[in-house]
There are 2 protein chains.
Amino acid sequence: MYYHLINQMKKGLGQLDHCLAKAITHAQAKGYDPNVLAGMRLAPDQFPLTRQVQTACDTAKLSSARLTGKEAPKHGDEEKTLDELRARIATVIAWLDQLGPADFEGAAERVVSQPRWEGKTMTGADYFVEHALPNFFFHTATTYAILRHNGVDLGKRDYLGALTMHAPT
Amino acid sequence: MYYHLINQMKKGLGQLDHCLAKAITHAQAKGYDPNVLAGMRLAPDQFPLTRQVQTACDTAKLSSARLTGKEAPKHGDEEKTLDELRARIATVIAWLDQLGPADFEGAAERVVSQPRWEGKTMTGADYFVEHALPNFFFHTATTYAILRHNGVDLGKRDYLGALTMHAPT
(Lines give C-alpha, C1' and ligand atoms only; values in the text may rest on other atoms or scores of the structure.)
Protein backbone atom coordinates (compact mmCIF):
# COMPACT_ATOMS: atom_id res chain seq x y z
CA MET A 1 0.00 0.00 0.00
CA TYR A 2 2.80 2.48 0.80
CA TYR A 3 4.42 1.59 -2.50
CA HIS A 4 1.06 2.09 -4.24
CA LEU A 5 0.66 5.49 -2.58
CA ILE A 6 4.22 6.58 -3.38
CA ASN A 7 3.55 5.57 -6.98
CA GLN A 8 0.50 7.83 -6.86
CA MET A 9 2.74 10.69 -5.71
CA LYS A 10 5.03 9.90 -8.64
CA LYS A 11 2.03 10.06 -10.96
CA GLY A 12 0.96 13.33 -9.30
CA LEU A 13 4.41 14.80 -9.99
CA GLY A 14 4.06 13.76 -13.63
CA GLN A 15 0.70 15.56 -13.79
CA LEU A 16 2.27 18.61 -12.12
CA ASP A 17 4.93 18.61 -14.84
CA HIS A 18 2.18 18.32 -17.45
CA CYS A 19 0.37 21.34 -15.94
CA LEU A 20 3.60 23.38 -16.00
CA ALA A 21 4.12 22.42 -19.66
CA LYS A 22 0.59 23.63 -20.46
CA ALA A 23 1.30 26.84 -18.53
CA ILE A 24 4.40 27.51 -20.66
CA THR A 25 2.44 26.94 -23.88
CA HIS A 26 -0.37 29.18 -22.63
CA ALA A 27 2.00 32.03 -21.71
CA GLN A 28 3.79 31.81 -25.03
CA ALA A 29 0.46 31.93 -26.90
CA LYS A 30 -0.53 35.01 -24.89
CA GLY A 31 2.88 36.59 -25.56
CA TYR A 32 4.16 36.86 -21.98
CA ASP A 33 7.17 35.35 -20.20
CA PRO A 34 6.05 32.00 -18.70
CA ASN A 35 8.38 32.54 -15.76
CA VAL A 36 6.18 35.36 -14.48
CA LEU A 37 3.94 32.50 -13.30
CA ALA A 38 6.76 31.19 -11.06
CA GLY A 39 6.24 34.14 -8.71
CA MET A 40 2.45 34.17 -8.67
CA ARG A 41 0.59 33.44 -5.42
CA LEU A 42 -3.05 33.40 -4.24
CA ALA A 43 -2.41 35.55 -1.15
CA PRO A 44 0.49 37.86 -0.30
CA ASP A 45 1.48 35.70 2.68
CA GLN A 46 1.15 32.35 0.89
CA PHE A 47 4.06 30.67 -0.94
CA PRO A 48 4.39 31.44 -4.66
CA LEU A 49 4.17 28.76 -7.34
CA THR A 50 7.91 28.02 -7.23
CA ARG A 51 7.80 27.11 -3.55
CA GLN A 52 4.59 25.09 -4.01
CA VAL A 53 6.31 22.94 -6.65
CA GLN A 54 9.51 22.62 -4.59
CA THR A 55 7.50 21.53 -1.55
CA ALA A 56 5.45 18.98 -3.52
CA CYS A 57 8.75 17.54 -4.80
CA ASP A 58 10.27 17.49 -1.31
CA THR A 59 7.22 15.86 0.25
CA ALA A 60 7.35 12.97 -2.24
CA LYS A 61 11.13 12.68 -1.96
CA LEU A 62 11.47 12.97 1.82
CA SER A 63 8.45 10.85 2.73
CA SER A 64 9.66 7.97 0.57
CA ALA A 65 13.15 8.39 2.05
CA ARG A 66 11.76 8.31 5.60
CA LEU A 67 9.61 5.24 4.88
CA THR A 68 12.45 3.29 3.24
CA GLY A 69 15.49 4.47 5.20
CA LYS A 70 17.21 5.52 1.96
CA GLU A 71 18.95 8.84 1.46
CA ALA A 72 17.12 11.20 -0.85
CA PRO A 73 18.89 13.37 -3.44
CA LYS A 74 19.51 16.96 -2.32
CA HIS A 75 18.10 20.05 -4.01
CA GLY A 76 19.20 23.66 -3.43
CA ASP A 77 15.87 25.49 -3.99
CA GLU A 78 17.47 27.70 -6.62
CA GLU A 79 14.89 27.23 -9.39
CA LYS A 80 13.79 30.49 -11.03
CA THR A 81 12.05 29.25 -14.17
CA LEU A 82 9.29 26.76 -14.98
CA ASP A 83 11.82 24.73 -16.99
CA GLU A 84 14.05 24.48 -13.92
CA LEU A 85 11.05 23.37 -11.83
CA ARG A 86 10.24 20.74 -14.44
CA ALA A 87 13.85 19.51 -14.25
CA ARG A 88 13.55 19.20 -10.47
CA ILE A 89 10.35 17.20 -10.81
CA ALA A 90 12.17 14.91 -13.27
CA THR A 91 14.96 14.17 -10.80
CA VAL A 92 12.46 13.26 -8.09
CA ILE A 93 10.49 11.00 -10.43
CA ALA A 94 13.76 9.30 -11.45
CA TRP A 95 14.60 8.73 -7.78
CA LEU A 96 11.15 7.31 -7.00
CA ASP A 97 11.46 5.08 -10.07
CA GLN A 98 14.23 3.04 -8.48
CA LEU A 99 12.22 2.21 -5.35
CA GLY A 100 10.41 -1.14 -5.29
CA PRO A 101 7.74 -2.69 -3.06
CA ALA A 102 10.37 -4.47 -0.93
CA ASP A 103 11.90 -1.11 0.05
CA PHE A 104 8.70 -0.25 1.94
CA GLU A 105 8.66 -3.33 4.19
CA GLY A 106 8.25 -2.19 7.78
CA ALA A 107 7.40 1.37 6.67
CA ALA A 108 4.44 1.63 9.07
CA GLU A 109 6.61 0.92 12.11
CA ARG A 110 9.50 3.24 11.30
CA VAL A 111 10.20 6.10 13.68
CA VAL A 112 10.03 9.44 11.84
CA SER A 113 11.22 12.80 13.08
CA GLN A 114 12.19 16.19 11.69
CA PRO A 115 14.59 18.78 13.18
CA ARG A 116 11.77 21.22 13.92
CA TRP A 117 9.81 18.59 15.88
CA GLU A 118 12.27 19.04 18.79
CA GLY A 119 12.82 15.34 19.38
CA LYS A 120 9.20 14.30 19.04
CA THR A 121 8.45 11.40 16.71
CA MET A 122 5.67 9.90 14.64
CA THR A 123 5.22 6.32 13.45
CA GLY A 124 5.75 5.87 9.71
CA ALA A 125 2.04 5.09 9.32
CA ASP A 126 0.82 8.23 11.12
CA TYR A 127 3.45 10.46 9.51
CA PHE A 128 2.56 9.29 6.03
CA VAL A 129 -1.23 9.46 6.42
CA GLU A 130 -1.54 12.60 8.57
CA HIS A 131 1.36 14.64 7.20
CA ALA A 132 2.93 13.50 3.92
CA LEU A 133 -0.17 12.63 1.88
CA PRO A 134 -2.28 15.71 2.80
CA ASN A 135 0.76 17.96 2.26
CA PHE A 136 1.65 16.44 -1.09
CA PHE A 137 -1.83 16.91 -2.51
CA PHE A 138 -2.10 20.34 -0.89
CA HIS A 139 0.91 21.64 -2.80
CA THR A 140 0.01 20.06 -6.14
CA ALA A 141 -3.60 21.32 -5.87
CA THR A 142 -2.39 24.80 -4.88
CA THR A 143 -0.03 24.91 -7.86
CA TYR A 144 -2.97 23.94 -10.06
CA ALA A 145 -5.10 26.66 -8.39
CA ILE A 146 -2.45 29.34 -9.00
CA LEU A 147 -2.29 28.39 -12.69
CA ARG A 148 -6.09 28.24 -13.04
CA HIS A 149 -6.42 31.60 -11.32
CA ASN A 150 -4.02 33.05 -13.89
CA GLY A 151 -5.95 31.80 -16.88
CA VAL A 152 -4.13 28.59 -17.79
CA ASP A 153 -6.62 26.22 -19.41
CA LEU A 154 -6.54 23.24 -17.04
CA GLY A 155 -9.21 20.75 -15.97
CA LYS A 156 -9.42 18.17 -13.22
CA ARG A 157 -8.13 15.50 -15.59
CA ASP A 158 -4.85 17.41 -15.91
CA TYR A 159 -4.48 17.06 -12.15
CA LEU A 160 -5.68 13.45 -11.81
CA GLY A 161 -4.19 11.89 -14.93
CA ALA A 162 -5.42 8.67 -16.54
CA LEU A 163 -7.24 6.16 -14.31
CA THR A 164 -6.61 2.41 -14.31
CA MET A 165 -9.98 1.34 -15.71
CA HIS A 166 -11.10 -2.05 -16.93
CA ALA A 167 -13.44 -2.58 -19.89
CA PRO A 168 -17.05 -3.67 -19.19
CA THR A 169 -17.36 -7.44 -18.83
CA MET B 1 -4.91 1.04 5.96
CA TYR B 2 -8.18 1.96 4.19
CA TYR B 3 -9.76 2.57 7.56
CA HIS B 4 -6.76 4.70 8.54
CA LEU B 5 -7.08 6.72 5.32
CA ILE B 6 -10.86 7.14 5.69
CA ASN B 7 -10.22 8.37 9.23
CA GLN B 8 -7.81 10.91 7.73
CA MET B 9 -10.61 12.08 5.41
CA LYS B 10 -12.84 12.41 8.46
CA LYS B 11 -10.15 14.49 10.14
CA GLY B 12 -9.79 16.56 6.95
CA LEU B 13 -13.54 17.27 7.01
CA GLY B 14 -13.20 18.40 10.61
CA GLN B 15 -10.41 20.79 9.57
CA LEU B 16 -12.56 22.01 6.67
CA ASP B 17 -15.33 22.77 9.16
CA HIS B 18 -12.79 24.58 11.35
CA CYS B 19 -11.68 26.70 8.34
CA LEU B 20 -15.31 27.61 7.56
CA ALA B 21 -15.83 28.61 11.20
CA LYS B 22 -12.79 30.87 10.99
CA ALA B 23 -14.14 32.33 7.73
CA ILE B 24 -17.45 33.21 9.42
CA THR B 25 -15.65 34.91 12.30
CA HIS B 26 -13.40 36.78 9.86
CA ALA B 27 -16.32 38.03 7.75
CA GLN B 28 -18.24 39.16 10.83
CA ALA B 29 -15.18 41.04 12.10
CA LYS B 30 -14.84 42.76 8.72
CA GLY B 31 -18.56 43.54 8.70
CA TYR B 32 -19.63 41.58 5.61
CA ASP B 33 -22.04 38.68 5.10
CA PRO B 34 -20.00 35.43 5.51
CA ASN B 35 -22.18 33.76 2.90
CA VAL B 36 -20.66 35.93 0.18
CA LEU B 37 -17.71 33.53 0.51
CA ALA B 38 -19.94 30.60 -0.51
CA GLY B 39 -20.01 31.91 -4.08
CA MET B 40 -16.33 32.85 -4.41
CA ARG B 41 -14.12 31.03 -6.90
CA LEU B 42 -10.53 31.26 -8.16
CA ALA B 43 -11.45 31.24 -11.86
CA PRO B 44 -14.77 31.97 -13.58
CA ASP B 45 -14.99 28.40 -14.90
CA GLN B 46 -13.97 26.67 -11.66
CA PHE B 47 -16.48 25.55 -9.02
CA PRO B 48 -17.26 28.05 -6.24
CA LEU B 49 -16.57 27.32 -2.57
CA THR B 50 -20.00 25.72 -2.01
CA ARG B 51 -19.40 23.09 -4.66
CA GLN B 52 -15.84 22.48 -3.45
CA VAL B 53 -17.15 21.67 0.04
CA GLN B 54 -20.01 19.54 -1.31
CA THR B 55 -17.59 17.56 -3.46
CA ALA B 56 -15.13 17.03 -0.60
CA CYS B 57 -18.05 15.69 1.47
CA ASP B 58 -19.24 13.45 -1.36
CA THR B 59 -15.79 12.07 -2.04
CA ALA B 60 -15.38 10.98 1.59
CA LYS B 61 -18.94 9.67 1.78
CA LEU B 62 -19.07 7.84 -1.55
CA SER B 63 -15.57 6.39 -1.44
CA SER B 64 -16.19 4.88 1.99
CA ALA B 65 -19.55 3.56 0.76
CA ARG B 66 -17.94 1.99 -2.30
CA LEU B 67 -15.15 0.38 -0.25
CA THR B 68 -17.53 -1.05 2.36
CA GLY B 69 -20.63 -1.86 0.30
CA LYS B 70 -22.77 0.26 2.63
CA GLU B 71 -25.31 2.80 1.44
CA ALA B 72 -24.28 6.41 2.04
CA PRO B 73 -26.72 9.09 3.22
CA LYS B 74 -28.12 11.28 0.43
CA HIS B 75 -27.65 15.04 0.15
CA GLY B 76 -29.55 17.39 -2.14
CA ASP B 77 -26.84 20.01 -2.86
CA GLU B 78 -29.11 22.78 -1.67
CA GLU B 79 -26.70 24.50 0.73
CA LYS B 80 -26.53 28.26 0.34
CA THR B 81 -24.79 29.35 3.54
CA LEU B 82 -21.58 28.43 5.34
CA ASP B 83 -23.66 27.18 8.27
CA GLU B 84 -25.54 24.81 5.95
CA LEU B 85 -22.22 23.57 4.55
CA ARG B 86 -20.98 23.00 8.10
CA ALA B 87 -24.14 20.98 8.83
CA ARG B 88 -23.50 18.84 5.76
CA ILE B 89 -19.93 18.18 6.88
CA ALA B 90 -21.29 17.14 10.29
CA THR B 91 -23.65 14.55 8.77
CA VAL B 92 -20.81 13.01 6.77
CA ILE B 93 -18.51 12.89 9.81
CA ALA B 94 -21.32 11.22 11.79
CA TRP B 95 -21.73 8.64 9.04
CA LEU B 96 -17.99 7.93 8.87
CA ASP B 97 -17.96 7.64 12.68
CA GLN B 98 -20.01 4.45 12.61
CA LEU B 99 -17.65 2.63 10.22
CA GLY B 100 -15.08 0.33 11.78
CA PRO B 101 -11.94 -1.45 10.52
CA ALA B 102 -13.89 -4.66 9.82
CA ASP B 103 -16.13 -2.81 7.34
CA PHE B 104 -13.12 -2.32 5.05
CA GLU B 105 -12.15 -6.00 4.76
CA GLY B 106 -11.79 -6.86 1.09
CA ALA B 107 -11.94 -3.16 0.11
CA ALA B 108 -8.96 -3.46 -2.27
CA GLU B 109 -10.67 -6.17 -4.34
CA ARG B 110 -14.10 -4.57 -4.64
CA VAL B 111 -15.30 -3.64 -8.13
CA VAL B 112 -16.08 0.07 -8.32
CA SER B 113 -17.97 1.89 -11.04
CA GLN B 114 -19.86 5.14 -11.57
CA PRO B 115 -22.69 5.87 -14.01
CA ARG B 116 -20.52 8.19 -16.11
CA TRP B 117 -17.84 5.50 -16.55
CA GLU B 118 -20.12 3.73 -19.08
CA GLY B 119 -19.71 0.26 -17.60
CA LYS B 120 -15.97 0.49 -17.04
CA THR B 121 -14.69 -0.48 -13.60
CA MET B 122 -11.78 0.07 -11.24
CA THR B 123 -10.56 -2.11 -8.39
CA GLY B 124 -11.23 -0.67 -4.95
CA ALA B 125 -7.48 -0.18 -4.48
CA ASP B 126 -6.95 1.74 -7.73
CA TYR B 127 -10.16 3.76 -7.34
CA PHE B 128 -9.25 4.83 -3.84
CA VAL B 129 -5.60 5.71 -4.54
CA GLU B 130 -5.94 7.23 -8.03
CA HIS B 131 -9.34 8.89 -7.72
CA ALA B 132 -10.81 9.28 -4.23
CA LEU B 133 -7.73 10.40 -2.27
CA PRO B 134 -6.39 12.96 -4.81
CA ASN B 135 -9.92 14.33 -5.31
CA PHE B 136 -10.66 14.62 -1.62
CA PHE B 137 -7.50 16.61 -0.89
CA PHE B 138 -7.98 18.63 -4.09
CA HIS B 139 -11.34 19.94 -2.93
CA THR B 140 -10.31 20.61 0.67
CA ALA B 141 -7.12 22.40 -0.48
CA THR B 142 -9.08 24.41 -3.06
CA THR B 143 -11.61 25.48 -0.41
CA TYR B 144 -8.68 26.57 1.75
CA ALA B 145 -7.17 28.43 -1.25
CA ILE B 146 -10.44 30.29 -1.94
CA LEU B 147 -10.62 31.41 1.70
CA ARG B 148 -6.94 32.41 1.80
CA HIS B 149 -7.33 34.34 -1.44
CA ASN B 150 -10.20 36.26 0.15
CA GLY B 151 -8.23 37.30 3.20
CA VAL B 152 -9.26 34.71 5.79
CA ASP B 153 -6.39 34.23 8.24
CA LEU B 154 -5.55 30.53 7.78
CA GLY B 155 -2.29 28.62 8.00
CA LYS B 156 -1.24 25.12 7.01
CA ARG B 157 -2.00 23.87 10.52
CA ASP B 158 -5.67 24.78 10.01
CA TYR B 159 -5.67 22.42 7.03
CA LEU B 160 -3.59 19.61 8.55
CA GLY B 161 -4.88 19.58 12.12
CA ALA B 162 -2.99 18.12 15.07
CA LEU B 163 -0.46 15.36 14.37
CA THR B 164 -0.13 12.13 16.37
CA MET B 165 3.28 12.82 17.88
CA HIS B 166 5.13 10.98 20.62
CA ALA B 167 7.31 12.66 23.25
CA PRO B 168 11.11 12.28 22.97
CA THR B 169 12.37 9.08 24.61
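The values are calculated or read from the model by the stated rules, or taken from the named source; none is laboratory data. Note that this is a predicted model, so its numbers are computed, not measured. Positions of Cβ are backbone-derived with ideal geometry, glycine not excepted, and every protein chain shown enters the neighbour counts. Areas reflect the complete protein model, heavy atoms only, side chains present, ligands, DNA and RNA absent. Shrake-Rupley method; radii C 1.70, N 1.55, O 1.52, S 1.80 Å.
Ligands, DNA and RNA are left out, and with a 1.4 angstrom probe the accessible area of segment B:2-160 is 42 Å² per residue. Normalised by the number of residues in chain A, the mean separation of alpha-carbon contacts (under 8 Å, six or more apart) gives a relative contact order of 34 percent. Nearest 10 degrees is fine. How inclined is helix B:82-97 to the longest principal axis of chain B, computing both from alpha carbons? Long axis of B:82-97 versus the principal axis of chain B: about 30 degrees. Simple point charges give the picture: +1 on the Cβ of Lys and Arg, -1 on the Cβ of Asp and Glu, and for segment A:2-160 a dipole about the Cα centre of about 300 debye.
Remark: label point of residue B:169 defined 7 Å out from Cα along the Cα-Cβ vector; separations to the same position in other copies 4.6 nm, ascending. Against chain B, whose longest principal axis is taken from its Cα atoms, helix B:49-68 shows a tilt of about 20°. Rounded to the nearest whole Hz, the Karplus-based 3J(HN,Hα) values (6.51 cos²θ - 1.76 cosθ + 1.60, θ = phi - 60°) of segment A:135-150 follow the sequence 5, 4, 5, 4, 6, 6, 5, 5, 4, 4, 5, 4, 5, 4, 4, 9, with x at glycine and proline. Normalised by 2.2 N^0.38 Å, where N is the number of residues, the alpha-carbon radius of gyration of segment A:44-169 equals 1.19.
Shown for residue B:14: label points 7 Å from Cα along the beta-carbon vector, and their distances to the equivalent points in the other copies, 3.6 nm in ascending order. Dipole magnitude of the protein assembly as shown about its Cα centre, charges +1 at Lys/Arg Cβ and -1 at Asp/Glu Cβ only, in debye to the nearest 20? That gives the protein assembly as shown a dipole magnitude of about 360 debye.
In the protein assembly as shown, inverting the average of 1/r over every pair of distinct C-alpha atoms gives 20.7 Å as the Kirkwood radius.
Structure note, pairs A:70/B:120; B:22/B:70; A:11/B:80; A:11/B:120; A:80/B:30; A:22/B:80: Cα-Cα distances above 30 angstrom occur for A:70/B:120; B:22/B:70; A:11/B:80; A:80/B:30; A:22/B:80.
Between chain B and chain A, the total buried accessible area stands at approximately 4200 Å², from heavy atoms with a 1.4 Å probe.
Inter-chain Cβ neighbour count for B:153-163, averaged per residue, equals 3 (cutoff 10 Å, partner chain atoms only). For residue B:117, inter-copy separations between label points set 7 Å beyond Cα along the Cβ vector come to 3.5 nm, shortest first.
Between residue A:7 and residue A:114, the modelled labels are 2.7 nm apart [label points 7 Å from Cα along Cα→Cβ]. Per-atom-type breakdown for chain B gives carbon and sulfur 52% of the accessible area (1.4 Å probe, protein chains only). The alpha carbons of segment A:44-110 stretch over 41, 25, 16 Å along the principal axes, in descending order. Helical content alone sets the calculated 222 nm signal of chain B at -17500 deg cm²/dmol, taking -39,500 (n - 2.57) per DSSP H segment of four or more residues and averaging over every residue.
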